[in-house]
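The values are calculated or read from the model by the stated rules, or taken from the named source; none is laboratory data. For clarity, every value in this text was computed on a predicted model and none was experimentally measured. We place every Cβ from the backbone using ideal geometry, glycine too, and count neighbours over all the protein chains shown.
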Amino acid sequence: MVGKYKVITLCGSTRFKDEFLEVQKRLTLEGNIVISVGLFGHSGDDEVWTEGTKEMLDDMHKRKIDMADEIFVINKGGYVGESTRSEIKYAILTGKGVRYLEEPKHAFQKNQKT
């Protein structure tokens with residue numbers, strides 16, 4: 001497959017760094033352009049927690065969603081935190097598809113699944 005590629009932005013808690021890397025690899029090999037997080041704050045990238053950086057990264061991630069056709073939520077064990085919930089809502093409001101690593105366990109997520 002050469003030519004038109006779907007663009008997918010990964011969303012989820014940065015505590016799931018290994019899962020982000022695995023999903024990024026799988027989706028890329030399936031012929032997608034994958035946009036991921038730049039830093040893993042909950043997995044050791046302490047720069048995230050300097051003043052103003054987390055807010056910038058959260059806003060930047062919304063711009064990454066703007067660039068995507070859909071988002072793929074890394075929800076290991078069903079976990080979806082506040083930032084990720086915000087990204088899911090934003091994706092839906094902007095007409096993006098939403099897929100999940102694991103079947104959503106909460107009503108909010110099930111209602112938003114595409």
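Below is a table of values for the structure above.
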read-out	value
Members of region 65-74 that are closer than 14 Å to LYS89 by Cα and either in a helix (DSSP H, G or I) or small (Gly, Ala, Ser) (or both)	ILE65, ASP66
Selected residue (criterion: surrounded by the most Cβ atoms within 10 Å (Cβ to Cβ)) from residues of region 1-59 that are of a type in the set (A, V, I, L, M, F, W, C), modelled with pLDDT of 80 or more and in a helix (DSSP H, G or I)	PHE20
Subset tally (residues that are part of a helix (DSSP H, G or I), within 19 Å of GLU22 (Cβ to Cβ) and touching a residue at least 60 places away in the same chain (Cβ under 8 Å)) for region 75-95	2
Conditions (1) among the small types (Gly, Ala, Ser); (2) surrounded by 13 or more Cβ atoms within 10 Å (Cβ to Cβ); (3) out of contact with any strand residue (DSSP E or B) (no Cβ under 9 Å at 6 or more places or on another chain); (4) at pLDDT 95 or above; number of the one not met by ALA91	(3)
Count of region 1-29 residues which are in contact with a Gly (Cβ under 6 Å, 6 or more places away or on another chain) and under 17 Å from TYR79 (Cβ atoms)	2
Members of region 16-28 that are touching a residue at least 60 places away in the same chain (Cβ under 8 Å) and not β-branched (Val, Ile, Thr)	PHE16, GLU19
